[in-house]
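First up is the structure itself, then whatever we jot down about it.
Each value in this text was obtained by applying a stated rule to the coordinates, not by laboratory testing. Remember, predicted model here, so these are calculated numbers, not experimental data. Quick reminder, even Gly has a Cβ in these numbers, built from the backbone with ideal geometry, and neighbours come from all protein chains shown.
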Amino acid sequence: MTVLVIGGSGETRQLAQGLSSCGIAAVLTLSKPMSGLSTEGADCYIGRFDSLTDFEQFAQDRNVRAILDAGHPFAAGVSVCAARFARQTGRGYLRLLRPAWRAGRHDRWTEIDTPAEALSTIPQGARVFVGTGRGSLSDLEGLDRGRTVFVRVRDAEADLPGLPGARALTELPPFTVARECALLRELRIDWMVVRNAGGDGAWPKLEAARTIGISVAMLRRPEMPGPQVSTVEEAVQWARQYRSG
């Protein structure tokens with residue numbers, strides 16, 4: 001029996017290591033290669049699952065008995081499809097979802113449900129830092145009209161779909177609070193657009209926003225189906241029931 005692990009979150013590496021150390025047969029799937037994640041020697045499939053048919057064929061070929069979903073907190077489409085497939089076929093399903101960030105006393109967050117709400121939330125004339133990832137930029141189309149917009153991207157050559165008037169920032173991690181404060185002050189940022197992904201990696205920019213007094217348009221997470229746990233340890237413990245032998 002095999003556990004299908006949907007990767008994409010920052011916990012993917014730790015989860016794969018935990019399953020391997022417990023002797024749990026798993027195949028890792030990624031929509032695209034992840035930076036800093038070595039798949040050498042691992043059973044790994046690179047590609048998208050866009051339909052129930054995709055899951056059905058793969059599950060039959062790999063003898064998949066359960067799905068452990070460690071996808072990005074905003075990759076709702078594949079999670080909904082995976083949970084539905086598991087439910088319809090009697091396979092196990094569990095979502096590993098790290099806790100969302102919560103605003104503190106001195107944070108200046110405005111929570112929004114859709115990227116389009118950022119346009120009605122952020123005033124004209126604002127200087128805006130966008131840290132939602134390049135894949136979601138088209139949902140912010142129009143934000144650069146009447147505002148000065150800066151977008152953090154990994155590839156200096158990448159275009160900015162939906163935001164032709166924005167400026168790309170190509171600094172690479174790791175990011176510290178001091179480094180983020182210096183950048184935000186240099187650019188005179190007064191608004192930030194962020195997805196509530198949770199975790200430690202992107203937190204420094206929010207700590208910097210709190211320190212400086214920058215307003216944040218915080219995009220709420222989409223609703224996720226099925227049972228959930230918040231730690232790698234809980235996910236590995238659940239997967240033990242599918243260990244062969």
Can you tell me how much longer the chain between A103 and R188 gets when fully stretched, taken as 0.36 nm per residue apart minus their C-alpha distance, in nm with one decimal?
-> 28.4 nm
Sticking with the crude label model, points 7 Å out along Cα→Cβ, report the distance from W203 to K32 in nm, one decimal please.
-> 2.7 nm
Obtain the nm distance between the two label points defined at S20 and E234 by a simple spin-label model: each point lies 7 Å from its Cα along the Cα-to-C-beta direction.
-> 2.5 nm
Karplus couplings for segment 52-69 from phi (6.51 cos²θ - 1.76 cosθ + 1.60, θ = phi - 60°), rounded to Hz, Gly and Pro as x?
-> 4, 4, 4, 5, 4, 5, 5, 5, 5, 5, 10, 6, 7, 10, 7, 10, 10, 8
State, as an integer percentage, the relative contact order of the chain based on alpha-carbon contacts under 8 Å between residues 6 or more apart.
-> 25 percent
Give me the angle, in degrees from 0 to 90, between the Cα long axis of helix 12-21 and the longest principal axis of the Cα atoms of the chain, rounded to the nearest 10.
-> 20 degrees
So what's the gap between the Cα centers of segment 216-245 and segment 52-79, to the nearest angstrom?
-> 13 Å
Residue-by-residue Karplus 3J(HN,Hα) for segment 89-101, coefficients 6.51, -1.76, 1.60, Hz, glycine and proline x = 10, x, 8, x, 8, 8, 9, 8, 9, 5, x, 6, 5
About the Cα centre of segment 109-219, how large is the charge dipole given +1 on each Lys and Arg Cβ and -1 on each Asp and Glu Cβ? Please answer in debye to the nearest 20.
-> 320 debye
Compute the signed sum of charges (Lys and Arg +1, Asp and Glu -1) over the other residues within less than 11 Å, Cβ to Cβ, of I212.
-> +2
Name the residues whose placed amide hydrogens come within less than 5 Å of the amide hydrogen of D43, ignoring near sequence neighbours (fewer than 5 apart) on the same chain.
-> L28
Who wins for biggest fluctuation among A182, A66, A126 in a Gaussian network model of the chain, springs between alpha carbons below 10 Å?
-> A182
Under the classification rounded if a/c is under 1.5, otherwise prolate if a/b is larger than b/c and oblate if not, where does segment 109-219 fall, given a ≥ b ≥ c as square roots of the Cα gyration tensor eigenvalues?
-> rounded
Sum of side-chain charges, D113 neighbourhood, beta-carbon under 14 Å (Lys, Arg +1; Asp, Glu -1) = -1
Around R195, which amide H atoms from residues at least 5 apart in sequence, or from another chain, sit under 5 Å from its own amide H, with H modelled in the peptide plane?
-> L219
Tell me which residues come under 5 Å, amide H to amide H, from V216 once H is placed; ignore anything under 5 positions away on its chain.
-> R108, W109, T110, M192
Given a Förster distance of 45 angstrom, what is the FRET efficiency for T110 paired with R84, based on the Cβ-Cβ distance and rounded to 0.05?
-> 0.85
